[in-house]
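Visitor: Before I ask anything, here is the structure I am working with.
The values are calculated or read from the model by the stated rules, or taken from the named source; none is laboratory data. All figures in this text were calculated on a predicted structure; none of them were measured in a lab. Positions of Cβ are generated from backbone atoms using ideal geometry, with glycine treated the same way; all protein chains shown enter the neighbour counts.
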Amino acid sequence: MKPGPPTLPTAVVSPVCGRDVTIVTKVADIPMVPGVRSGPVGRILRVGRILCVANQKGGVGKTTTASNLAAALAHGGMRTLLVDLDPQCNATTGFGVAPAAMHPLVLETPLADSIVATSLPNLFVLPGSRSVRDVERIAARSRAGSAMLEQHLGLGLAAWDYCLIDCPPSIGDLTRTALAGSTEVLMPIQCEYFALEGLTQMIEVIRDVMQERPGRLSFSGIVLTMHDAALELTAEVEAEVRDFFGEIVFQTVIPRDVAVSEAPSHAQSVLDYAPRSRGARAYTELCMEVRDCE
Ligand SMILES: Nc1ncnc2c1ncn2[C@@H]1O[C@H](COP(=O)(O)OP(=O)(O)O)[C@@H](O)[C@H]1O
Ligand SMILES: [Mg+2]
């Protein structure tokens, strides 16, 4: 039996792609990390976009989408930071970067000290850590309502043109913290049965964070992943998702493409590993759609 659609709170779909403007009152407020936009005191500066790539399910293409979209943005000249919040560290190792012994978020040092350049110009990684204790520490700080994490994730990351946060497959404290520090949510949905099942909880969490911080977080969109045009199932799932979520679903779909799954083992994005592949084209198109919301 097909799952029924989750109840989608209207707060989630509004505003679509809406983003905030931060009024920076002191130059000292501007974090000094690469990609910083400086300006005169009191001038209104647009903060970079911080996209939280989240879905409570595993294996739906979060890491793949965060990594390849980040690479596509970097190819387009955007200073991009990929933040790895998943203890599996696939976003980190997928670009040939070693996981950190301690997660940069639990270190007392500025995030900028932990950022690693990849071989792709404009693309930087904030490595994840495999330490379960680090994850617990980050979560504990989040529960305690510490402003530090949000400051790290929000203000600290605002200096980049784009920041993509690869979330773990859960709606636990880490994902909540990532949402709270982000300006947008991007949700990959895999074209499979039960694609919408379980999304209600995820959407509830997104709505909670939106309500806690009015005007800060918006929904940049849903991207359909592992799309196989030859399968009736894919067509059914796509129709169902588009029917239910409407205009927040990106037009671009990410095809199932072996080049996409091979690229991380070569420490590259699919755009660099197989530039002519369907996967590379799709992530380039997705990037254009995301940038259209600027
Ligand atoms: N478009 C795609 N084509 C083929 N394989 C894909 C595609 N997207 C993801 N995969 C593969 O599916 C698996 C799960 O993807 P991943 O991005 O790690 O999901 P998540 O981060 O949501 O757990 C990985 O092995 C990945 O290589
Ligand atoms: Mg992942």
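Visitor: Step by step: first the residues of the stretch 169-183, then only those that are outside any helix (DSSP H, G or I) and crowded, with 24+ Cβ neighbours inside 10 Å, then the one that is modelled with the lowest pLDDT. Which residue is that?
Guide: Going through the qualifying residues, I end up with G181.
Visitor: Still on this structure, please answer the following. Restricting to the stretch 66-112, what's the tally of residues that are part of a loop (DSSP other than H, G, I, E, B), under 18 Å from L286 (Cα atoms) and not charged (D, E, K, R)?
Guide: 3
Visitor: In the stretch 75-89, which residue that is within 16 Å of L123 (Cα to Cα) and surrounded by fewer than 19 Cβ atoms within 10 Å (Cβ to Cβ) is nearest to ligand 2 (Cβ to nearest atom)?
Guide: G76
Visitor: Just wondering, is there one or more residues in the stretch 203-220 that are of a type in the set (A, V, I, L, M) and within 15 Å of ligand 1 (Cβ to nearest atom)?
Guide: No: zero hits.
Visitor: Let me ask something additional. Report, by residue number, each residue of the stretch 85-98 that is over 16 Å from I165 (Cβ atoms) and more than 18 Å from the chain's Cα centre (by Cα).
Guide: G96, A98
Visitor: Taking interchain pairs and intrachain pairs at least six residues apart, which have beta carbon atoms under 8 angstrom, with the first residue in the stretch 108-133 and surrounded by fewer than 16 Cβ atoms within 10 Å (Cβ to Cβ) and the second assigned to a helix (DSSP H, G or I)?
Guide: P121/A74
Visitor: Identify all residues within the stretch 75-89 that are within 16 Å of ligand 1 (Cβ to nearest atom) and in contact with a strand residue (DSSP E or B) (Cβ under 8 Å, 6 or more places away or on another chain); write none if there are none.
Guide: L82, V83, D84, L85, D86, P87, C89, listed by residue number.
Visitor: Spot the failing condition for P255; the list is (1) under 23 Å from G77 (Cα atoms); (2) touching an Asp or Glu at 6+ places or on another chain (Cβ under 9 Å); (3) not hydrophobic (A, V, I, L, M, F, W, C), and only one is missed.
Guide: All conditions are met except number (1).
Visitor: When you scan the stretch 126-168, how many residues do you find that are under 17 Å from E212 (Cβ atoms) and either of a type in the set (D, E, K, R) or modelled with pLDDT of 75 or more (or both)?
Guide: Matching residues across the stretch 126-168 total 3.
Visitor: While we're on this one: Please find, among E236, E262, the residue that is without any contact (Cβ under 8 Å) to a residue 60 or more places away in the chain, more than 21 Å from A54 (Cβ to Cβ) and either more than 16 Å from ligand 1 (Cβ to nearest atom) or touching a Leu at 6+ places or on another chain (Cβ under 7 Å) (or both).
Guide: Every option except E236 fails the conditions.
Visitor: Additional query: Residue by residue through the stretch 253-272, note down the ones that are over 13 Å from I189 (Cβ atoms), more than 16 Å from ligand 2 (Cβ to nearest atom) and not small (G, A, S).
Guide: If the condition is that a residue be over 13 Å from I189 (Cβ atoms), more than 16 Å from ligand 2 (Cβ to nearest atom) and not small (G, A, S), then P255, R256, D257, V258, E262, H266, Q268, L271, D272 are the ones that fit.
Visitor: Name the residues in the stretch 58-74 that are more than 7 Å from ligand 1 (Cβ to nearest atom) and in contact (Cβ under 8 Å) with a residue 60 or more places away in the chain, would you?
Guide: Once the filter is applied, which keeps residues that are more than 7 Å from ligand 1 (Cβ to nearest atom) and in contact (Cβ under 8 Å) with a residue 60 or more places away in the chain, the stretch 58-74 yields A66, S67, N68, L69, A70, A71, A72, L73.
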